[in-house]
Amino acid sequence: MSREFGTEVVPPIHRVHPCTRSQSSPEKTGALLGAPALRRTLIDVPKVKNVARASDGQRLVLFRFPEQADFSPEALDFLKAQSAELVPFTINLDYDYWTSDEILHSVLPVELADRSPSGFAAVGHIAHLNLNAEYLPYKRLIGQVILDKNPSIRTVVNKLDTIDTQFRVFKMELLAGEPDYVVEHSESACRFKFDFTEVYWNSRLHTEHGRLIEQFNAQDVVADVFAGVGPFAIPAAKKGCGVLANDLNPNSHKYLVHNIEDNKVTKLVRASCEDGRDFIRTVFNRVWDDPLPPVAPPKLSKSQQKEKRRERKTSRPPSPQAPPAPRRKRITQLVMNLPDTAILFLDAFRGVLSPDNAGDRDLCGVYDRSSLPMIHCYCFTRELEPDKAETDIRQRVEEQIGHPIAHEVGLHLVRSVAPNKDMYCISFRLPYEVAYAC
Ligand SMILES: C[S@@+](CC[C@H](N)C(=O)[O-])C[C@H]1O[C@@H](n2cnc3c(N)ncnc32)[C@H](O)[C@@H]1O
């Protein structure tokens, strides 16, 4: 069988005999399908059933051989004993049948057909491609095939070389479908709406977002310095964390605010639109001055609710209640996902809790050596061996904060972004000497 789409496969068929519709019973068809003598003779083409209907309604059992001569004597004897008749039958394997890979393999020039250009990142209804130069002459064809073959996709775009370096927004061109770039995308059981041409979003970070959120617990207060439209901030708040989410891009901020409301976490997330350095310098003071709500108490079990109702009905005094939890005024986690330059912002932590920056707030009352926040800072390195990558990243971090990092240091390889470039997340506890530096 040829792999080209539109090719006709012409296997012979068996028409259940005698050939009047009423007599081609399911039982008789079943007997043929289950016969050991025909086991290796039935058609074996992916997605093609081995029973079809002829135009007159007859049930047709499809075989794999084009010629009667290809059948084994045993199979032919069995068919004869069943008074079965072999007739030709045509199956059209058309555009609908083939996968996008198979179609592109068939229509692209031979030298391009081996590698598949049909892979894409799905962002809501948008398929986002990053085509290599040699595929560009065929970009519209590739876009159309992807559009046709993926029912949830309405828009196909290709990333262009130019990138807005400040806000990490990709320039893109439309290859196929509607020019509609406002998407609704689900991640970590939250809904995110944004204009893909105006803000940063990378669906490939899904696992990384989940990995970090998993490390947070409901009591945490998270400060997200480069929050984008909220893929760390909003799921963390859904977990119960208090969150301060910041992004300098006004469009990211706009959608961040929308997503906070849409996901019903307004009580727990505060959004700001500032430079990351200013945010780091002021966020500790802000949480001190205006603490976040306490962690919501766990929901009562059915039996506890019943007990409460009973207490209300009778004049029984209510069972003693735990005192209300205090509002949260201490940041416990800081997220910095701007891998190109986040390390360069780390010097903003020098003296951030010292009186010079904190004024007369008694921050040392809540931040001691063991309760300083964990910092999760993303970065790139061109060192591809893990040991060398760690040395390189640690050196740059320590240079920037002006102190060795020793406590609870963890390094996680996020992904390889280019053949000679890896993305990492370094996590460490903010050193006391840095936070209180004069
Ligand atoms: C790599 S994206 C990460 C977004 C989001 N946290 C995520 O994981 O998808 C970095 C974000 O930092 C924002 N950004 C860039 N420079 C900034 C700055 N100086 N201060 C604050 N945010 C900045 C960009 O607008 C962008 O949304």
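The values are calculated or read from the model by the stated rules, or taken from the named source; none is laboratory data. Model, not experiment: these values are computed from the prediction. A quick note on method: Cβ atoms are made from the backbone with ideal geometry, for glycine too, and the neighbour counts reach across all protein chains shown. Side chains included, ligands, DNA and RNA excluded: accessible areas come from the protein's heavy atoms. Shrake-Rupley method; radii C 1.70, N 1.55, O 1.52, S 1.80 Å.
A few points about this structure:
- Checking each residue in segment 270-290 for being assigned to a helix (DSSP H, G or I), open to solvent by less than 50 Å² (accessible area, probe 1.4 Å) and of a type outside the set (A, V, I, L, M) picks out G276, F279, F284, N285.
- Here the condition is being assigned by TED's automatic domain parsing to the domain that holds H209 and either of a type in the set (F, W, Y) or touching a helix residue (DSSP H, G or I) at 6+ places or on another chain (Cβ under 6 Å) (or both); of C379, C364, it holds for C379 alone.
- Meets criteria (modelled with pLDDT of 85 or more and within 30 Å of the chain's Cα centre (by Cα)) for V123: yes
- K171, sole failed condition from (1) more than 16 Å from the ligand (Cβ to nearest atom); (2) more than 29 Å from H412 (Cβ to Cβ): (1)
- Note on segment 108-126: residues that are of a type in the set (V, I, T) and surrounded by 15 or more Cβ atoms within 10 Å (Cβ to Cβ) amount to 2.
- Looking across segment 403-438, the residues that are open to solvent by less than 50 Å² (accessible area, probe 1.4 Å), at pLDDT 95 or above and small (G, A, S) come down to G410, S427, A435, A437.
- Residues being out of contact with any strand residue (DSSP E or B) (no Cβ under 7 Å at 6 or more places or on another chain) and open to solvent by 60 Å² or more (accessible area, probe 1.4 Å) - total across segment 28-74: 14
- Failed item, numbered, when E187 is tested on (1) assigned by TED's automatic domain parsing to the domain that holds P373; (2) within 15 Å of the chain's Cα centre (by Cα); (3) modelled with pLDDT of 95 or more: (1)
- When D96 is tested against (1) without any contact (Cβ under 8 Å) to a residue 40 or more places away in the chain; (2) open to solvent by 30 Å² or more (accessible area, probe 1.4 Å); (3) closer than 30 Å to A236 by Cα; (4) part of a loop (DSSP other than H, G, I, E, B), exactly one condition is not met: (3).
- Looking only at segment 356-400, residues that are out of contact with any strand residue (DSSP E or B) (no Cβ under 9 Å at 6 or more places or on another chain), assigned to a helix (DSSP H, G or I) and more than 16 Å from the ligand (Cβ to nearest atom) come to 11 in all.
- For segment 314-337, residues that are farther than 24 Å from Y367 by Cβ and either at pLDDT 95 or above or among the basic types (K, R) (or both) total 1.
- Leading residue by the ranking (nearest to the ligand (Cβ to nearest atom)) among those in segment 180-215 that are touching a strand residue (DSSP E or B) at 6+ places or on another chain (Cβ under 7 Å) and without any contact (Cβ under 8 Å) to a residue 40 or more places away in the chain: H209
- Checked against (1) over 30 Å from R281 (Cα atoms); (2) near the ligand (Cβ under 10 Å from one of its atoms), G228 meets all criteria but (1).
- Scanning segment 29-71 for residues that are in a helix (DSSP H, G or I) and among the acidic types (D, E) yields a single hit, D70.
- Residue in segment 194-217 that is open to solvent by less than 50 Å² (accessible area, probe 1.4 Å), in a strand (DSSP E or B) and within 14 Å of A122 (Cβ to Cβ) present: no
- From the options L244, L248, residue that is within 27 Å of E184 (Cα to Cα), modelled with pLDDT of 95 or more and in a loop (DSSP other than H, G, I, E, B): L248
- Filter result (in a loop (DSSP other than H, G, I, E, B), closer than 17 Å to N285 by Cβ and within 16 Å of the ligand (Cβ to nearest atom)) within segment 338-350: none
- Looking across K239, K299, one residue alone is among the basic types (K, R), more than 15 Å from the ligand (Cβ to nearest atom) and modelled with pLDDT of 95 or more. It is K239.
- Against the list (1) within 16 Å of the ligand (Cβ to nearest atom); (2) part of a loop (DSSP other than H, G, I, E, B), the condition L353 fails is (1).
- Annotation note: of P320, P298, the sole residue that is under 33 Å from the mean Cα position of the chain (by Cα), in a loop (DSSP other than H, G, I, E, B) and of a type outside the set (K, R) is P298.
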